[in-house]
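Below: the structure, in structure tokens.
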Amino acid sequence: MDNSKKYRQAAIVYLINAVVYFFIAAFRMPPHDFGIWNYLFYTLGAVFAVLFPYFIYKEYRIFTAILAVIYLIRAVVSLIVIPFYSVVMVLVFLLHAFTCFMLARAAWDIEVFKRRR
């Protein structure tokens, strides 16, 4: 598979992850009043949801590799906290793990299924 296609797919998966994560954070978490920090949280979330997929789509390899490592850590942490939280954390773990896989696949040009010619 063309590596550019892997980056495009990773960008789409990251965008979906960002949107789902935003909705989970906005609607499933208990209300918190952090004052001005609330605005910073939502502003940075929106910026990350727009800029990060763009950088992935433009095939910034080091950026994508760093994000893959970050999502590996996020997947492990979300796996650890599943017993302490609800079923939503299982979905969050699966989303983080899949995002990590897609980012790593693009950054390191991993072929999961070898095609026979």
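Could you work out how far helix 88-107 tilts from the main Cα principal axis of the chain, as a 0 to 90 degree angle to the nearest 10?
Rounded to the nearest ten degrees, it is 30.
If neighbour count is taken as other Cβ atoms inside 10 Å, put TYR85, TYR60 in order from fewest to most.
Taking fewest neighbouring Cβ atoms as first place, the list is TYR85, TYR60.
Could you order peptides 63-70, 102-109 by the average number of other Cβ atoms within 10 Å of their residues, highest first?
Most protected by this proxy first, the peptides run 102-109, 63-70.
Can you tell me the orientation of helix 3-27 relative to the chain, as the angle in degrees between its alpha-carbon axis and the longest Cα principal axis, to the nearest 10?
With both axes taken from Cα atoms, the answer is about 10 degrees.
Grab the DSSP H runs of the chain that are 4 residues or longer, score each as -39,500 (n - 2.57), total them, divide by all residues and round the 222 nm result to the nearest 500 deg cm²/dmol.
-26000 deg cm²/dmol
By how many degrees, between 0 and 90 and to the nearest 10, does the Cα long axis of helix 36-57 differ from the longest principal axis of the chain?
The helix 36-57 is inclined about 10 degrees to the chain.
Given that just one value was derived from the coordinates, which of (1) 28, 18, 10; (2) 33, 24, 9; (3) 54, 18, 11 is semi-axes √(5λ) of the Cα gyration tensor in Å?
So the calculated entry is the one marked (1).
Values in this text are rule-based calculations from the coordinates and carry no lab data. It should be emphasised that the depicted structure is a prediction, and the values quoted were computed from it without experimental measurement. Glycine gets a Cβ as well: all are built from the backbone with ideal geometry, and neighbour counts include every protein chain shown.
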